[in-house]
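Engineer: Mind looking over this structure? Questions follow.
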Amino acid sequence: MGNQAEHTEDTPDQAAFRAEARAWLAARAPLKEDGDGWSTRTTHPDVAAEKAHMDRCRAWQRELYDSGWAAIDWPVDHGGQGGERWQRQIFQQEAAQFDVTSGFLAAGIALAGPAIGHFGTDEQKARHLKPMLRGDVVWCQLFSEPGAGSDLANLATRAERDGDEFLVNGQKVWNSSAHLCDWGILLARTDPDAPKHKGITFFLVDMTTPGVDPRPIRTINGSSHFNEVFLSDVRIPAENVVGEVNSGWAVARLVLANESTMIGGGMDRADSAANLIALARRWGTAQDPMVRQELAQAYTKEKLLDWMGRRLQEDVRRGRQPSFDGSTLKVYWSESRRDRGNLGVGILGGYGVAGDHADTGVWANEALNRFWGSIGGGTDEVHRNNMAERVLGLPSEPRVDKHVPWREQVGGNG
Ligand SMILES: Cc1cc2nc3c(=O)[nH]c(=O)nc-3n(C[C@H](O)[C@H](O)[C@H](O)COP(=O)(O)OP(=O)(O)OC[C@H]3O[C@@H](n4cnc5c(N)ncnc54)[C@H](O)[C@@H]3O)c2cc1C
């Protein structure tokens, strides 16, 4: 890519901070060539390769921590720098241009970190936050179940009190990188007689605890990003409850809100418009009017997403309410991602799915992966429901089960 983005809207303080961040990054890593590099590779042929990638991500996270760039806007006593959110965002904008990443560690930090920081005990904060930020401990999310995805509050994994511990039994699914993670944030039902949102507890679980069994699921692109995680008589100390017993939904809501913003804000990928344009040039279709039209759309949508992100960033800088609903960004991002995957394969034609050219692997993978953004972090349909209710003020969905004990509901199997 070569040229770095200019940010003429920066205040003098912001410009100085940006220059400092850029210089630090430039001293440690190359710019991404055509937006590509080790850091953009998200699929790996086997678990050994996934682990090697994770180790590289851990090393980068450690470097960030040691140099004072990790968790720039977290409080100092949580291991952060006590800085401003705009500083973190500027650092992320700059880092996205270099061939570096914390990979999945960043997701764990963005999801588990605030939950522990906001709802955790002093002991939990002291024990978990710094190792998380240093990259020593990687966190996964154990929320979804076969019968609880969009309707997450329907979850059926049970946790029963037994002295100073909880005994946990159940099954989770879709758990990204759980087979490579050290700890997990877990939702389990502690009171099946309460309405579904009111009988859930939020736990921290050491993934090496006997009875925790992550089983990687091999997906169509050959990698094993997801797991199903079976929990059989898993003993979790009561001190690992975050917040109050049966009040885990409040903690979960914080995690879910952070998740959709994190996913919608993700721009650091191999399927950028710049990469699509380079691909079209390599494959001699850059002059084709139909391809040009789609390239223009991909470029325009990428710019719009960038500006939407900046607008939210400006709201943060000025301490205002967000100008638009986070679900809007998430859905616009997931639709654009799907279109870019289609276009990449379209440019390659038959090679896109069956060739042996180096481009095939990258773009076949982008095409196969193009729907993940429409599902992970809440499906497009669910985010559209959010927009209908919160933005358009349309009547909310009927929630007939809201006050009914979970045990008595269809799907409640206690
Ligand atoms: C890439 C990726 C990573 C993920 N990582 C994790 C992870 O680390 N940990 C974790 O716990 N989970 C994870 N998930 C799971 C994810 O949160 C769920 O897949 C998601 O919430 C949808 O749940 P579901 O798959 O059970 O689909 P369902 O909820 O069964 O939905 C099926 C279909 O019905 C539609 N639908 C459901 N309810 C409504 C409604 N009220 N109105 C309109 N349409 C509706 C949905 O939009 C969808 O099309 C991940 C998923 C993906 C794709």
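The values are calculated or read from the model by the stated rules, or taken from the named source; none is laboratory data. Just so it is clear, the structure is predicted and the values come from calculations on it, not from any experiment. Note that we place each Cβ from the backbone using ideal geometry, even for glycine, and neighbour counts take in every protein chain shown. Surface areas here come from the heavy atoms of the whole protein model, side chains and all, with no ligands, DNA or RNA. Shrake-Rupley method; radii C 1.70, N 1.55, O 1.52, S 1.80 Å.
Engineer: Put a dot 7 Å past each Cα toward the Cβ at GLU63 and TYR299; how far apart are the dots in nm?
Structural biologist: 3.2 nm
Engineer: How big is the equivalent ellipsoid of the chain along its three axes, where each semi-axis is √(5λ) from the Cα gyration tensor, reported in whole Å from largest to smallest?
Structural biologist: That gives 36, 25, 22 Å for the three semi-axes.
Engineer: State, as an integer percentage, the relative contact order of region 12-102 based on alpha-carbon contacts under 8 Å between residues 6 or more apart.
Structural biologist: 42 percent
Engineer: Turning to a different aspect of this structure: When the distances between all Cα atoms of region 140-253 are binned every 5 Å from zero, what whole-number percent does each bin get?
Structural biologist: 2, 13, 24, 25, 19, 9, 4, 2, 0, 0
Engineer: Return the distance in nm (one decimal) between the two label points of a simple spin-label model at THR121 and MET290, each offset 7 Å from Cα along Cα→Cβ.
Structural biologist: 6.4 nm
Engineer: Cα centroids of region 189-217 and region 341-373: how far apart, whole angstrom?
Structural biologist: 37 Å
Engineer: Give me the 1.4 Å probe accessible area per residue for region 140-253, excluding ligands and nucleic acids, in Å².
Structural biologist: Here the per-residue accessible area is 39 Å².
Engineer: Moving to a separate point now. Treat region 265-378 as a sphere of radius equal to its Kirkwood radius over Cα pairs and apply Stokes-Einstein at 4 °C in a medium of 1.567 mPa s; give the translational diffusion coefficient in µm²/s, rounded to a whole number.
Structural biologist: In µm²/s, the coefficient rounds to 86.
Engineer: May I ask for log10 I(q)/I(0) of region 12-102 at q = 0.24 Å⁻¹, from a Debye sum over the Cα atoms as equal point scatterers with solvent left out?
Structural biologist: Evaluating at q = 0.24 Å⁻¹ gives log10 I(q)/I(0) of -1.25.
Engineer: Tell me, what is the percent relative contact order of region 123-173, built from C-alpha pairs under 8 Å that lie six or more residues apart?
Structural biologist: 28 percent
Engineer: Per residue of the chain, what 222 nm ellipticity follows from adding -39500 (n - 2.57) for every DSSP H run with n ≥ 4, rounded to the nearest 500?
Structural biologist: -14500 deg cm²/dmol
Engineer: Among the listed pairs LYS130/LYS330; LYS51/LYS172; LYS301/LYS330, which have their C-alpha atoms separated by more than 24 angstrom in this model? Write out the running numbers ahead of the final one.
Structural biologist: Details: LYS130/LYS330 29 Å; LYS51/LYS172 22 Å; LYS301/LYS330 13 Å.
Those over the limit are LYS130/LYS330.
Engineer: Using the basic label-point model (7 angstrom from Cα toward the beta carbon), what is the ARG318 to ALA257 distance in nanometres?
Structural biologist: Simple spin-label model gives 2.1 nm for this pair.
Engineer: Please compute the contact order of the chain in relative form: average sequence separation of alpha-carbon pairs under 8 Å and at least six residues apart, divided by the residue count, as a percent.
Structural biologist: 14 percent
Engineer: Right, next: Pop out the carbon and sulfur fraction of the accessible area of the chain as a percent, whole number, probe 1.4 Å.
Structural biologist: Carbon-and-sulfur percentage of accessible area, whole number: 52.
Engineer: Moving on. At most 14 other Cβ atoms within 10 Å plus a DSSP loop assignment makes a site exposed; report the longest stretch of the chain without any exposed GluC sites (Glu not before Pro).
Structural biologist: The longest uninterrupted stretch comes out as 10-243.
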